[in-house]
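Only one structure is covered here, and it is reproduced in the block below.
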Amino acid sequence: MENTTQEQEQNTKSLRLDLQDSGREGLQIGTRKDGKKYSVREHRMNFIFPTQWKKFSNALRSPKAQLTFETLIQTGARINEARHIAEDDLDFERNMIKLRVTKTKAKKGEKKGKPRLIPVSSKFMKRLKKHFSTKEPGKLIGILSTPAANLAMKKYLKQVGVKDYYMYSIHSIRKTHGNWLKIMGNLGLMKVDAMEICLRLGHDYNTFLSNYGSSSIMNNEDVQIAKEIFGDLYLR
């Protein structure tokens, strides 16, 4: 086991040594042992501004893609958490969703992820109620696969003029969700604090600060669009 670990570390180091400038800001290119090229982002802190998100969501053509990205921005869930949502997980009276399948935190001794209950806006719950009314009982929500969602995200971010579209992945939406909530809370436009955001995302405070925190750099248009998207979330 020890030898295997050492070999893995050596392989990782050798790959890092091969990294070269890609010509794109924030992106490097490496070469695997088999000669195949791969890209590495220098950081994963990017989040999307509400003005960008509005253009992005308006550009989506597939109803499945529209549902996928709407679900992710409204919940802040990991895509694998969101794809397991079923109608039985929805509490329409409380505007609440139960995320049954969540990330297993092996470093903390978990053998199975703990379910999370999260509130969402009444508008989004109505959207889900209408969506599930068209599906057979017991069926899951039905969103894009992770590879398809990543491809769609980069394609449409590029289409609407986001220059560093290649720096985003589907996980960037969680960061976007968390940052929007933090900014709206700091402005006093939502009754939400850092602890609530951490519980919602399934993170501790240090993880939130190191991976999701960002300064409040929205302009007035961004703030208005974020309010429209989140609706009455954390206003009750």
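The values are calculated or read from the model by the stated rules, or taken from the named source; none is laboratory data. Source: prediction; values computed, not measured. Counting neighbours? That spans all protein chains shown, and the Cβs are built from the backbone with ideal geometry, glycine included.
Yes or no, residue by residue, for (1) more than 15 Å from the chain's Cα centre (by Cα); (2) assigned by TED's automatic domain parsing to the domain that holds ILE197; (3) under 23 Å from SER169 (Cα atoms):
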site	(1), (2), (3)
MET125	yes, yes, no
HIS131	yes, yes, no
GLY138	yes, yes, no
GLY142	yes, yes, yes
SER145	no, yes, yes
ALA149	no, yes, yes
Quickly run through the stretch 139-179 and pick out the residues that are β-branched (Val, Ile, Thr) and in contact with a strand residue (DSSP E or B) (Cβ under 9 Å, 6 or more places away or on another chain). ILE141
